[in-house]
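This report concerns only the one structure given below.
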Amino acid sequence: MTTIAIIGAGSGLGAAVARRFGREGFSVALISRSQERLDALADELRADGVTAEGFAADVRDAASLTTALERADERLGRVEVLQYSPLPAKEYMRPVLETVAADLVGPIEFSVYGAVTAAHQVIPGMRSVGHGSILLINGGSAVRPGPTVTGTSVAFAGLSAYGQLLHDALAPEDIHVGQLIIPFGIGDGEESHSPEALADLIWTMHDERGDFRVYAEPLA
Ligand SMILES: NC(=O)c1ccc[n+]([C@@H]2O[C@H](COP(=O)([O-])OP(=O)(O)OC[C@H]3O[C@@H](n4cnc5c(N)ncnc54)[C@H](OP(=O)(O)O)[C@@H]3O)[C@@H](O)[C@H]2O)c1
């Protein structure tokens, strides 16, 4: 069976994307740090008819991330879609003048090293079948740095550069690398800001394989 691995699978966007791809016949590998929360989410998805399983890992711990992706591949089938969407910690978001070099370690491990580790784990399988999608999900600070969210702004810039390079390198092999920019709070009450509406957009990114960067809404 074809599998989507959702790295950063919580009750918001992660769950909605799991349901959206599940409807299309994908198995879903749910990855985040708490096995207990993943098991509960997998139970809910299975009750709705989606094949799903949780594999605990911390994106800042490369060994745990590669092991989770390996186990997902073995148990559910080849990972042909990877979504990288862990929710950044509040501590990564400090004003620029209060941010020292040590404050950037966490955000860079989280956004850059984690994404590179995950991509390298799944790309060989995608290449062997001749298709795949790697989808990066970010807030607006990935394209417009915010003065009070320095760690994520700096780290997202690195992730954006990596994603664009990966897009250009893998496009000839029909492996689509895309980045969704979400400039608003998910689930803030507007219908188009709901996790379900964003999950539809993420499905379209995978299915239609357009440009590298897609905006859920223009930046204000
Ligand atoms: N929420 C918003 O308003 C908003 C706005 C713009 C963009 N975004 C983007 O949307 C995505 C998140 O969507 P969401 O907010 O609806 O979240 P969600 O899918 O409900 O959950 C994201 C999950 O990420 C996991 N996570 C956090 N740190 C992690 C780590 N170090 N390793 C592994 N997993 C980790 C958390 O689970 P554990 O704590 O159990 O690990 C959390 O449940 C992110 O890409 C974020 O940048 C969100």
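The values are calculated or read from the model by the stated rules, or taken from the named source; none is laboratory data. Nothing here was measured: the structure is a model prediction, and the numbers come from that model. Quick reminder, even Gly has a Cβ in these numbers, built from the backbone with ideal geometry, and neighbours come from all protein chains shown. Please note that ligands, DNA and RNA were not included when accessible areas were found on the heavy atoms of the full protein model with its side chains. Shrake-Rupley method; radii C 1.70, N 1.55, O 1.52, S 1.80 Å.
Among the candidates GLY130, GLY106, GLY125, single out the residue that is more than 16 Å from the ligand (Cβ to nearest atom) and open to solvent by less than 30 Å² (accessible area, probe 1.4 Å).
GLY125
Scan the range 1-25 residue by residue and report those that are assigned to a helix (DSSP H, G or I), within 13 Å of the ligand (Cβ to nearest atom) and over 23 Å from VAL116 (Cβ atoms).
ALA15, ALA16, ALA18, ARG19, ARG20
I need every pair where a residue in the range 182-194 that is modelled with pLDDT of 95 or more has its Cβ under 7 Å from the Cβ of a residue that is of a type in the set (Val, Ile, Thr) and in a loop (DSSP other than H, G, I, E, B), sequence separation at least 6 or different chains.
Hits for this filter: HIS193/ILE186.
In the set ASP200, ASP168, ASP207, which member is within 15 Å of the ligand (Cβ to nearest atom), assigned to a helix (DSSP H, G or I) and among the charged types (D, E, K, R)?
Checking each option against the conditions leaves just ASP200.
Does GLY139 fit the bill of being on the phi > 0 side of the Ramachandran plot, open to solvent by 20 Å² or more (accessible area, probe 1.4 Å) and in contact (Cβ under 8 Å) with a residue 24 or more places away in the chain?
For GLY139, the condition - on the phi > 0 side of the Ramachandran plot, open to solvent by 20 Å² or more (accessible area, probe 1.4 Å) and in contact (Cβ under 8 Å) with a residue 24 or more places away in the chain - is not met.
Could you please give the count of residues in the range 26-54 that are touching a helix residue (DSSP H, G or I) at 6+ places or on another chain (Cβ under 9 Å), part of a helix (DSSP H, G or I) and open to solvent by 10 Å² or more (accessible area, probe 1.4 Å)?
Of the residues in that region, 2 qualify.
Here's the yes/no breakdown for (1) modelled with pLDDT of 95 or more; (2) within 22 Å of GLY210 (Cα to Cα); (3) of a type outside the set (S, T, N, Q):
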position	(1), (2), (3)
LEU97	yes, no, yes
GLN121	yes, no, no
ARG127	yes, yes, yes
GLY132	yes, yes, yes
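Can you report the number of residues in the range 55-88 which are part of a loop (DSSP other than H, G, I, E, B) and open to solvent by 60 Å² or more (accessible area, probe 1.4 Å)?
Selection size over the range 55-88: 4.
Please go through the range 80-96 and pick out each residue that is away from the ligand (no atom under 16 Å from the Cβ) and either free of Cβ contacts under 8 Å to residues at least 40 places away in the same chain or closer than 18 Å to ASP207 by Cβ (or both).
Listed by number, the list holds a single entry, GLU80.
Tell me, please, whether a residue that is over 15 Å from LEU170 (Cα atoms) and without any contact (Cβ under 8 Å) to a residue 60 or more places away in the chain can be found in the range 123-135.
Within the range 123-135 (the criterion being over 15 Å from LEU170 (Cα atoms) and without any contact (Cβ under 8 Å) to a residue 60 or more places away in the chain), the answer is no, since none of the residues qualifies.
Would it be correct to say that HIS167 is out of contact with any helix residue (DSSP H, G or I) (no Cβ under 7 Å at 6 or more places or on another chain), closer than 19 Å to TRP203 by Cα and surrounded by fewer than 17 Cβ atoms within 10 Å (Cβ to Cβ)?
Here the answer is no, as HIS167 does not meet what is asked.
Report, by residue number, each residue of the range 135-149 that is more than 12 Å from the ligand (Cβ to nearest atom) and in contact with a helix residue (DSSP H, G or I) (Cβ under 6 Å, 6 or more places away or on another chain).
Passing the criteria: PRO145, PRO147.
Take the conditions in contact (Cβ under 8 Å) with a residue 40 or more places away in the chain, away from the ligand (no atom under 11 Å from the Cβ) and either open to solvent by less than 20 Å² (accessible area, probe 1.4 Å) or not aromatic (Phe, Trp, Tyr) (or both) and apply them to GLY114. Does it pass?
no
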